[in-house]
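Novice: Before anything else, here's the structure in question.
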Amino acid sequence: MKKKTLQLAVAVHQEPPDAKMLQMVLQGSVGATVNQGPLEVAQVFLAEIPADPKLYRHHNKLRLCFKEFIMRCGEAVEKNKRLITAEQREYQTELKKNYNKLRESLRPMIERKIPELYKPIFRVESQKRDSFHRSSFRKCETQLSQGS
């Protein structure tokens with residue numbers, strides 16, 4: 001997934017833009033027949049939160065990879081839209097449709113977070129704070145009153 005994401009980023013930011021290269025990478029990422037690859041990987045590894053807490057970190061890393069991947073696909077579709085010729089509009093429409101379908105299929109898996117990862121490591125005791133009675137303010141006040 002990282003390799004595919006990197007290919008997309010390189011194709012999008014290439015100067016001067018290379019429409020053929022961008023379309024080739026984009027087709028390999030969101031093409032109707034190809035997007036089963038990334039979607040299949042996500043369904044196998046992200047559909048369920050792992051039972052073993054030792055796998056949480058790996059699960060989350062893959063989830064974040066997919067999140068970046070789909071973001072890069074969106075950038076590539078938009079960049080392609082600016083580079084295409086009039087006769088490629090239908091192709092662009094198909095790419096956009098495939099991208100939207102892939103994004104919607106991945107959304108539940110990449111937006112779900114493992115609650116265990118977001119629990120505080122240690123409990124913070126919340127105390128009522130009264131900033132006017134802190135020593136730093138008192139020192140300042142004392143110095144001001146002595147100086148006046």
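Novice: Can you say whether A11 is surrounded by fewer than 16 Cβ atoms within 10 Å (Cβ to Cβ) and aliphatic (A, V, I, L, M), as far as the supplied structure shows?
Specialist: No, not satisfied.
Novice: Just name the residue that is farthest from Y91 (Cα to Cα) out of those in segment 32-67 that are among the charged types (D, E, K, R) and either in contact with a Pro (Cβ under 9 Å, 6 or more places away or on another chain) or open to solvent by 80 Å² or more (accessible area, probe 1.4 Å) (or both).
Specialist: K54
Novice: Which numbered condition in (1) of a type in the set (F, W, Y); (2) under 18 Å from K20 (Cβ atoms); (3) under 20 Å from the mean Cα position of the chain (by Cα) is the only one that Y91 fails?
Specialist: The one condition Y91 does not meet is (3).
Novice: Also, quick follow-up: When residues of segment 24-52 are filtered for being of a type outside the set (G, A, S), in contact (Cβ under 8 Å) with a residue 60 or more places away in the chain, touching a helix residue (DSSP H, G or I) at 6+ places or on another chain (Cβ under 6 Å) and in a helix (DSSP H, G or I), how many remain?
Specialist: Counting residues in segment 24-52 that are of a type outside the set (G, A, S), in contact (Cβ under 8 Å) with a residue 60 or more places away in the chain, touching a helix residue (DSSP H, G or I) at 6+ places or on another chain (Cβ under 6 Å) and in a helix (DSSP H, G or I) gives 4.
The values are calculated or read from the model by the stated rules, or taken from the named source; none is laboratory data. These numbers were taken from a predicted model, which means no experiment stands behind them. Every residue, glycine as well, gets a Cβ built from its backbone with ideal geometry; the counts of neighbours run over all protein chains shown. Ligands, DNA and RNA are excluded from the accessible area calculation, which covers all protein heavy atoms including side chains. Shrake-Rupley method; radii C 1.70, N 1.55, O 1.52, S 1.80 Å.
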